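Only one structure is covered here, and it is reproduced in the block below.
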Ligand code: CTP
Ligand code: MG
């Protein structure tokens, strides 16, 4: 089997408040998406990366000139729809059920090639697949709508799910098709089939740029590392 990366980059970035899709915001001199794709391009075992854009995207060519990734303008209304569109495009390009697909958020631009290698090393002989994740360090609270603590949640078995998430093309397509737009990541859809993906520890630095204040943190980390 081969290893492909699939990068959903068809979101609007509403929570970021950037006034444009956040994947095109410049961080440390380059659009966020360029940092993300550069990290994946530095992983030799990945034969190719497919970027999923919105059909209405009019920024990609100007923002990432000469980009060597495959591009599919098949983004949908939800992240799961965008990933499903990308999986179908990978099939059109010759990928098969047994190939591994590493789905990685465009918005996780701090990705390090060594974390991708760790994920592949841990999962390439696994019957299910797995994901990068980080054990929760903070004490966890459940809260009410008006902002009062309703419970303290045992954090000891809790992990924050990140990406890449690595599954065989046939399995992840079946899982996402069954769960639909409710799936916020690939692993939850695979779990709904009764399977247990492997948790592979990465780093807090593999966070997803989501809120306005995240851009400065990402820029700082890209510059100092
Ligand atoms: N994504 C996508 N298609 C969608 C929604 C999201 O390809 N319909 C992608 C985003 O571009 C992002 C990744 O999925 O790289 C993770 O989603 P998220 O961080 O939620 O990004 P947005 O949906 O763009 O942001 P927001 O939810 O704040 O609008
Ligand atoms: Mg979103």
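Taken together, the values in this text are just the output of simple stated rules run on the coordinates, not laboratory data. Keep in mind it's a predicted model, so treat the numbers as computed, not measured. We place every Cβ from the backbone using ideal geometry, glycine too, and count neighbours over all the protein chains shown.
Assorted remarks:
- Rounded to the nearest angstrom and listed largest first, the equivalent-ellipsoid semi-axes of the range 172-223 from its Cα gyration tensor are 30, 14, 7.
- Two-decimal Rg to Rh for the range 22-144 - Kirkwood Rh, Cα set: 0.99
- DSSP bridge pairs, the range 3-224: antiparallel proportion in percent, nearest 5: 50 percent
- Residues within the reach of a label modelled at residue 210 (point 7 angstrom out along Cα to beta-carbon, backbone nitrogen below 13 Å), restricted to the range 95-120, are 107-108.
- Rounded FRET efficiency, nearest 0.05, which uses the C-beta distance separating residue 159 from residue 223 and R0 of 35 Å: 0.80
- Inter-part distance where the range 142-207 and the range 25-60 are each reduced to a Cα centre, Å: 23 Å
- Comparing 62, 95, 160 in a Gaussian network model of the chain, where Cα atoms under 10 Å apart are tied by springs, the biggest mean-square fluctuation is seen for 62.
- Using the alpha-carbon positions of the chain, Rg (one decimal) and Dmax (whole number) come out as 17.2, 52 Å.
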